[in-house]
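Here is the structure we will look at.
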Amino acid sequence: MRVLIAGAGIAGLAAARALVAAGHEVAVLEEGDAPRLGTGAVTLWCNGTAILGDLGVGVGALGQRLSALSVRSARGRRVLDVDLDALAARFGSAARVVPRAALVAELLAGLPDGIVRFGSSVADVRIGADRAVVRTASGDEHVADLLVGADGVRSRVRAHVLGDLPAARTGIATWQGLIPAPFDPGTAMTVLVGRRGDCGFMGAGDGLMQCMFELPDEQPGDRPVENLRRRYAGWAEPVDKILAALRDEDIEAFPHQRHRVPRRLGHGRCVLLGDAAHAMPPVLAHGANQALEDVRALAACLAAAPVDAAVRAYSRRRRGRAAAASALAANGLAVTGPRALAQTSPALRLAAPPPALGTWAFGRMLRGLSDRV
Ligand SMILES: Cc1cc2nc3c(=O)[nH]c(=O)nc-3n(C[C@H](O)[C@H](O)[C@H](O)COP(=O)(O)OP(=O)(O)OC[C@H]3O[C@@H](n4cnc5c(N)ncnc54)[C@H](O)[C@@H]3O)c2cc1C
């Protein structure tokens, strides 16, 4: 079958890996002139690394393994501990923090030459009963048996197929940077949560540390680090150490955006994957993991049924879990207003589960959002 994939991000490249391996004739149209390596690192939970492993991606050599998740209050009191090593043993694959550039490069490296056509921006899409036709901005026309829309949060394929509203901003932004580690972050992901937001940090391999801060989504000032130092003043160690090491040029703002997860993630000869289907805030780090779940489900559905039936089956299989991940991400954190009261130290202390229960609950959440673990 001829498959056209719009977008060479994590979703599009992983889909290309899966569909080439299944014997399909695949072309990826990417509007950038070169791979979009992106900045920062992504956390891949046990489901994401397991799916990458199934695709033959050597994820175990990328970034750093995560052995634990440790959530603390702004005063440094224990809120939640998750033993990710125990979950790795249970699910057969470990969570990792992987620089985005390394993951994209590794996905690309396993594809035959020439499959990704850079500088090809999808401009127009027509979905017929038996084929999909795509026209690029430069006027080239491509015909395929299936079009996979993996063109991210501002997806043109989605707009054509669903005639849908674009993703909406949620009012929160993440300021994130991948910096030389100012101290040894160990192998845990640490997140401090308070009424004004949260701050997280974790090692990403090669002496790098990913750090992130959530803030109200306002116009970024000229001096973001000064703004962060004011907002996070008085938080427990090591927040001040991170802020002392940060420079304005180290961090970037990412306004949170969220799509309505559509009733159908596909239509006729077209499916949507990743952020094109269900962009969600990065809180709880599910976006790329859910994109990989999409890829796995699509490959399985195409292996089991003719294309129209496979598109319907893919939608049924993925919609509920993607919507659940999106709801968790949207409700997982507040930075202002009454909901943020639940993030004060006394409120968090009341809600803190014993460690074994935290690990169990986190594993249950991953299992609930995944087809793989
Ligand atoms: C700050 C931040 C932190 C995050 N952290 C995590 C994390 O820790 N763990 C996690 O699982 N997820 C995380 N995410 C979410 C994750 O990054 C996304 O869900 C994931 O990258 C989506 O991949 P994608 O391939 O669907 O989209 P994208 O990565 O956006 O790729 C889309 C591709 O399509 C191309 N494109 C766009 N339009 C066209 C067109 N018209 N024609 C051709 N090509 C086109 C783009 O150039 C791009 O290459 C985070 C997101 C943010 C913003």
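Where a number appears in this text, it was derived from the coordinates with a stated rule and is not lab data. Computed from a predicted structure; not experimentally measured. Using ideal geometry, Cβ is built from the backbone for each residue, glycine included, and neighbour counts are taken over all protein chains shown.
Under 8 Å for C-alpha pairs, at least 6 residues apart: give me the relative contact order for region 264-327, rounded to a whole percent.
44
Rounded to the nearest 500, what is the 222 nm mean residue ellipticity of the chain from helices alone, with -39500 (n - 2.57) per DSSP H run of 4+ residues and division by all residues?
Computed mean residue ellipticity for the chain: -10500 deg cm²/dmol.
What residue among Ala21, Ala279, Ala94 has the largest mean-square fluctuation in a Gaussian network model of the chain, using Cα springs under 10 Å?
Top of the fluctuation ranking is Ala21.
With everything on Cα atoms, drop me the angle between helix 287-304 and the longest principal axis of the chain, reported from 0 to 90° to the nearest 10.
30
Please give the FRET efficiency for Ser121 paired with Asp164, using the beta carbon to beta carbon distance and R0 = 30 Å, rounded to the nearest 0.05.
0.95
When only C-alpha pairs under 8 Å and at least 6 residues apart count, what is the relative contact order of region 62-111, in percent?
40
In whole percent, what relative contact order does the chain give with Cα contacts below 8 Å and a gap of six or more residues?
After rounding, I find 22 percent.
DSSP beta bridges in the chain, what fraction antiparallel, as a percent rounded to 5?
The answer is about 70 percent antiparallel.
Farthest toward the dipole's positive end in region 297-365, which of Ala351, Gly363, Ala297, given Cβ charges of +1 (Lys, Arg) and -1 (Asp, Glu) about the Cα centre?
The Cα lying farthest towards the positive end belongs to Ala297.
With each pseudo-label sitting 7 Å past Cα toward Cβ, what's the Ala342-Arg78 distance in nm, one decimal?
Distance between the two pseudo-spin positions: 2.3 nm.
In degrees, nearest 10, range 0 to 90: what is the angle between the Cα axis of helix 355-369 and the longest Cα principal axis of the chain?
Tilt relative to the chain: about 20 degrees.
Of the residues Arg339, Arg131, Arg158, which exhibits the maximal mean-square fluctuation in a Gaussian network model of the chain defined by a 10 Å Cα contact cut-off?
Arg339
Helix 100-109 versus the longest principal axis of the chain: what angle, 0 to 90°, nearest 10, using Cα atoms?
Its long axis makes an angle of about 30 degrees.
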